[in-house]
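One structure is given below, encoded as structure tokens.
No lab work stands behind these numbers, since they all come straight from the coordinates. Note that the structure is a prediction, hence the values are computed from the model and not measured. Cβ atoms come from the backbone with ideal geometry, glycine included; neighbour counts cover every protein chain shown.
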Amino acid sequence: MNGKRVFISYSHDSAEHRDKVLGLGACLLRDGCDCRIDLYKDTDEDWPLWMTRQLTEADFIVCVVTETYARRFNDKELPDRGLGVGWESGLIRRLLYQKKLHNDRIFPVFFDKSDDHHIPLELVGYDYFILDNHTGYETLLRKVLNRPLHLKPSIGSEPELRTSTATPLFARPSEEPQSDRIDAPAVESPLESKYHGKQRRGLLQFFVSDWLPNGPPVAIVQGFPGSGKTQLASSIVEQTPKVIVVRHEPQLETQNPSLDLLTDLALDLDYEGIPDLMQELEKGAEGDLFNALLVTLHREKILIIIDEFQRLLSPNENLPPDQWQHFFERLINAPHVAGRLLLISNRYVKRARWCEKSVSRELKGLTELESAEFLSESLALSGLTANVPSDRFVEVGRRLGGNPRAIKTLVEGLKYYPMDELISLAPRPDGTLNPELVQDFERELIERTLSRIDGGLLRFMRRLAVYRRPFRNEIYAEYTDSELPPHSLRKQLIDRYLLEFSNSGDTLHPLAREISLARLREDNEEWCLAHGLAANYYFNVFKNPQISGAKKLASSYAELRHHLFESGRIDELYQASAKLSAFAIALLPKPAQSKVPDNLETLEEHIALISALPETQRTKGLEYHLALCLKHRNIGDDLHNALKHVRRATGPHAYYAVWLLLLDLEYTINGVDAMMDAQREAIRFLGSGSNAFAVYHHCAHLLRKSDKLDDAIKLLENAVTIPGIACVTSLISLCARCMEEAGRFDDAIDFLKKGVVMTNVQELGTVYIHCAGLLARLNRMDEAITFLKEGLYVPGMTKYYSVYLLLAENLVNEGRDEEAIRLLKSGVHDSRVLDAKLMYRYVAELLVKNGRTSEAVSLLQRGIISRQVKDQLPLYHYLAELLGKNGESNTGVKILKKAMTNPRTRLEPSIYRACADLLSNAKDLDGAIEVLQKGLQEPKLKEKNQLAQKCAEMAVWQGRLDEAIAILLTRIDGNEYHNIDFIYKDCADYMVKANRIEEAISLMKRGIEVPGLTNKGVIYQKCAKLLAQVGRADEGIKLLQTAMQIPRLPGRIMLYQTCSDLLAELGQAREAIKLLKNGINGPRMGNIASLIMRCAELLAAEGRLEEAIELLLKGINNSPNDRQLSERLVKLKELYGGSPSFLDKLPTQ
């Protein structure tokens, strides 16, 4: 079936509700959707497995929200009730977590609008659908089928407009041939040697004359990108020739940026004859690197510069990691420190205890007159003075925010384009100029400049782009395949302001590097070659430490590792430095050896380094870690090699997890018999120790997986009789489940009954509940009731509240409601019950069911003040809900308002929301808004943003859009960052409704600048969509392209999807395909299956079928368990079946 697959998740409230769900399913099936409901299950799969498959395979998940559904979704239901929804809710949460809360496929729906307040918290803020009439259903169907009500008209052709271009007055001067020496020193231009601007000169004077000799040990320089912070640092270095300078910057793509930074510092300090940090490195995990750095700075007259320091700051609070904070505090408070530490950041550094005694200076933009002077000198140096009238110098500087780098970029662009054309791209200042807009302007100009560069120079620059840190002249010796000598190409890049040089080395213009890397990724062969050349350079550093100038080389183990990884040569890493390799391995203490790195580069590093060690030097812990890493990577012969290494890790003192891994691998590679041999060997060493149960449990699970239930039962029956075996309860439960699956129900009951009299059973209540539940399912209800009643008086019983609840439920199923009520009324006073809230709720439900609502209300009121209730909140909610249904909303409101004064519940946001819902249902929206406003004014109340969203929503219901917007703007102006991104989004939505779309766009751009937002990808996406909505799709695309370059930005996959959609809508399918390929082949960012599928769709639509198929096959090879990719492949085959011959070779599902 080719229709969209829709899975309906719902609760079994009543026969009427079930019929409505079936009717919804019938509508979707009729209208071309492959609708899945539990009632249509036609396989022998276990229910959990079936539900998991439906949820993961579905294109859309529709959650039918009711009060019962919400209770079960939130795990507030009675035991053995609503297990299906409980299972599905856990999977839904995991799906949302994996997508970092980006949700385009899970939607709540309800048949009655009064159920909207039951939407589970995890689904609040996403699209929902009210299915109380045909229009509501049509809205849902349009969403599923991607058939919007309004389609955007197609873009017409551009009109013919006359233009004129000035003719150059003089011919281009020819370049004189240069010397062939690679290390010929660059001649510094007058523009670079002169530090422009009064503030800049003042800061340079301050740092050289005041801070270095007399200031505190730590200084911070912050400013917008392109303001000249790095040049300031270089100027400081140039004027302090007698001070040893070490300069580094952290890299975000690594597993541990802090550790890599310290490793690099250790290398360079060791070259300078300061070995303290290197000596600590050699101690491995036992070394104290921060203390060694502290000692070094205290003793040595050195200057350490950490550029791009913002990469170490947390995204939410703008604070460095705790270890760094502690280090800075110790350094600043230490007496008589000889060294200095300079931190350079393009993000605002929050003032806190760790830096309160440091010097902090902000580098601002040039003034208008300084900008005009800088522009004038730049034009003169490039011979372009005639291209810009002098009376426009001030305007240009103002338009570019006094950004020196942007001014130089403009001057380079003037070589190819007229002034008016370029300046029209610059932002128009309206108050404070956003530096990101200036950066967008720079990016556009560089794109244009690069389009004019010849192929040889462009290839040379792209190869240099792989360097993440400044590089010396020595690297150019690797670049010999061009017609021109490397130094000539280098000079051309410098003349175009695309390459900058300082005493630390050469660096590409940051935006030129960003663009070059994106283009380089499109050619995998060239990508590997570029990284290979860089790796060769770093290999030279490590292999020849005595070469001329080695002490000044920017040697870096982390950089070598990075380039070897990207060039596919990671297995050569061990050859670089045995000392550093030994250190990297030593950083794997025993706790870390059982964890697989979540960073692919680090995973490859661990495999390469441990594999390169001689077998005699590999500890059992390293053998185990290597096996884990190989199993996780699972490429080629990895599983077989993993089995070889894990076998070496076993033995008398092996950790139990080693045996579990051995069981897994033997089972996967050699089958059940080999796994059983491994199990016997494991037990021979583990005996009946505390972890032996895990081996029995895991082995039985694998036998069960192979349908060898009798073998699994026999194994577990034997295990529970072993003296001293731990966790017997879990073994008993698993054995009973296996018996049930084998149809041996009586055996299962007998086994469970034997279990309750075993002396080594710790969780007696679990066994009683399992046995009673099985008896009830077999309609042996009287036996189940008797069994549970006996259990209440058994010494050592656990989970009393669950036993009471299950016993009461069985009584109710037998029509013995009154007996169940008496039981629960007695149970809520049983001191052995740890928390009686669920019992109070259930007995109240039974009282209501039997027409005794007032008694239920009184009971719940007593429960709220009972000492047997640890958490009063659910009872407050249920009591208010009960009163609301009973037409006593005013009483419910009074009770909830009383809860607002209760010290245990006063700071619970849900109390205010529940009270507002009651008032709203009673048509008192003003009262509801007043209650929510009261909550917002409570100073200690946390997570106020949800209250603000609810308050604004109610104001919108009354048509008070401006008030709703004001409420949300107040929250935006506050200091709470949790869920604030969705506040921005809601506020923008309301602004659009109020015909204030430009204001909405400005708000989104403001949100982009806020450093503390946790899910800023949502803001970027919303802003881009709004820009497209007002005909500024190009601007939206540029915005998204900027966002996609931000390391570790949550939701980057979503941004790639949105950007490609906008490009496709503009008829730029080829650009969309190129963008998606960059995302697919670029740094890892999670599950990229959606990008692969979208790219394949566009390729197929462009007639590039073979390429689309190859892309899908590659995706399936990398993620063999991803059903969506396989299904998309089959759909392509069905859609184009038989066309090209290669389609016949496709796998069938």
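Calculated FRET efficiency, S451 and R351, Cβ-Cβ r, R0 45 Å, to nearest 0.05? Write out the running numbers ahead of the final one.
Working: r = 44 Å, r/R0 = 0.98.
Once the sixth-power term is evaluated, E becomes 0.55.
Equivalent-ellipsoid semi-axes (√(5λ), Cα gyration tensor) for the range 457-502, whole Å, largest first?
15, 13, 10
Angle, helix 557-566 long axis vs. longest principal axis of the chain, Cα atoms, 0 to 90°, nearest 10?
Computed tilt is about 70 degrees.
Express in nm, to one decimal, how much length is gained between V596 and D210 on full extension, taking 0.36 nm for each residue of separation and deducting their alpha carbon distance. All intermediate terms of the calculation are to be shown ahead of the outcome.
Working: separation 386, 0.36 × 386 = 138.96 nm, distance 4.86 nm.
My answer for the length gained is 134.1 nm.
Could you give the length gained on full extension between D127 and R93, defined as 0.36 nm per residue of separation minus the Cα-Cα distance, in nm? Don't jump to the answer; show the numbers that get you there.
Numbers: separation 34, 0.36 × 34 = 12.24 nm, distance 1.64 nm.
Taking 0.36 nm per residue and subtracting the Cα distance, the gain is 10.6 nm.
Once the piece of chain linking K76 and R852 is laid out straight, how much longer is it, given 0.36 nm per residue of separation minus the C-alpha distance between them? Intermediate results must be reported in sequence, preceding the final value.
On the way: separation 776, 0.36 × 776 = 279.36 nm, distance 2.28 nm.
The span from K76 to R852 would gain 277.1 nm if fully extended.
Send over the per residue convex hull volume for the range 588-649, Cα only, as a whole number of Å³. Can you show the working numbers first?
Working: hull volume 4.5 nm³, N = 62.
Spread over its residues, the Cα hull of the range 588-649 gives 72 Å³ apiece.
Could you state the number of Å between the C-alpha centres of the range 378-395 and the range 604-659?
One Cα centre to the other: 65 Å.
At a 10 Å Cβ-Cβ cut-off, how would you order L149, L968, L1063, fewest neighbours first? Intermediate values should be presented prior to the final figure.
Working: L149 7, L968 27, L1063 24.
Ascending number of Cβ neighbours within 10 Å: L149, L1063, L968.
Run through all the Cα pairs of the range 595-693 and give the fraction in each 5 Å bin from 0, expressed as whole percent.
It works out to 2, 14, 24, 22, 19, 11, 6, 1, in whole percents.
Please express the Cα-Cα pair-distance distribution P(r) of the range 778-838 as a list of whole percents, one per 10 Å bin, running from 0 to the bin with the greatest distance.
Bin by bin from 0 Å, the calculated values are 23, 57, 20, 1.
Enter the angle in degrees (range 0 to 90, nearest 10) between the Cα long axis of helix 638-649 and the first principal axis of the Cα atoms of the chain, meaning the one along which they spread out most.
Once rounded, one gets 70 degrees.
Under a Cβ-Cβ cut-off of 13 Å, what is the net charge of the residues other than L29 that fall near it, where Lys and Arg count +1 and Asp and Glu count -1?
Working: positive: K4, R5, R30, R36; negative: D31, D34.
Once positives and negatives cancel, what remains is +2.
List the equivalent ellipsoid semi-axes of the range 673-813 in whole Å, largest first, each obtained as the square root of 5λ for an eigenvalue λ of the Cα gyration tensor.
Working: eigenvalues 174, 61, 19 Å².
Over the Cα atoms of the range 673-813, the ellipsoid semi-axes are 29, 17, 10 Å.
Can you give the Rg and Dmax of the range 5-145 based on its C-alpha atoms, in angstrom?
Using the Cα atoms of the range 5-145, the pair Rg, Dmax is 14.0, 38 Å.
What's the long-distance tail for the range 933-1065, i.e. % of Cα pairs beyond 22 Å? Show your work: numbers first, answer last.
On the way: 3360 of 8778 pairs.
That fraction is 38 percent.
Could you give the nm distance between label points at R147 and D523, where each point is 7 Å from its Cα heading toward the beta carbon?
Distance between label points: 4.6 nm.
Taking neighbour counts of Cβ atoms within 10 Å as a proxy for exposure, in what order, fewest first, do M839, M1044, M797 appear? Write down the numbers at each step before the final one.
On the way: M839 28, M1044 22, M797 16.
If I rank by nearby Cβ atoms, fewest first, I get M797, M1044, M839.
Any idea how far the Cα center of the range 916-942 sits from the one of the range 969-1046, in Å?
27 Å
Give the separation of the Cα centroids, the range 738-810 to the range 308-371, in Å.
Here the answer is 62 Å between Cα centres.
Using every pair of alpha-carbon atoms in the range 368-452, split the distances into 5 Å bins beginning at 0 and state the percent of pairs per bin, rounded to integers.
Calculated P(r), rounded to whole percents: 3, 16, 30, 28, 16, 6, 1.
Taking R0 as 30 Å, what FRET efficiency do you get between K923 and E790 from their Cβ-Cβ distance, rounded to the nearest 0.05? Each step should come with its number before you reach the end.
Values: r = 53 Å, r/R0 = 1.76.
The pair K923/E790 has a calculated efficiency of 0.05.
Taking Cα atoms of the range 900-941, Rg/Rh with Kirkwood Rh, to two decimals?
On the way: Rg = 10.1 Å, Rh = 10.3 Å.
Answer for the range 900-941: 0.99.
Which whole-number percentage describes the relative contact order of the chain, with Cα contacts under 8 Å and a sequence gap of 6 or more?
Details: 1538 pairs, mean separation 71.0, N = 1149.
The value is 6 percent.
Taking only the C-alpha atoms, wrap a convex hull around the chain and report its volume per residue in Å³ as a whole number. The partial results should precede the final answer.
On the way: hull volume 245.1 nm³, N = 1149.
Given the Cα convex hull of the chain, per-residue volume reads 213 Å³.
Which semi-axis lengths, in whole Å and largest first, follow from the square roots of five times the eigenvalues of the Cα gyration tensor of the range 764-869? Let's see the in-between values first.
Numbers: eigenvalues 108, 61, 15 Å².
One finds semi-axes of 23, 17, 9 Å for the range 764-869.
Which angle between 0 and 90 degrees, to the nearest 10, do you get for helix 925-937 versus the longest principal axis of the chain when only C-alpha atoms count?
60 degrees
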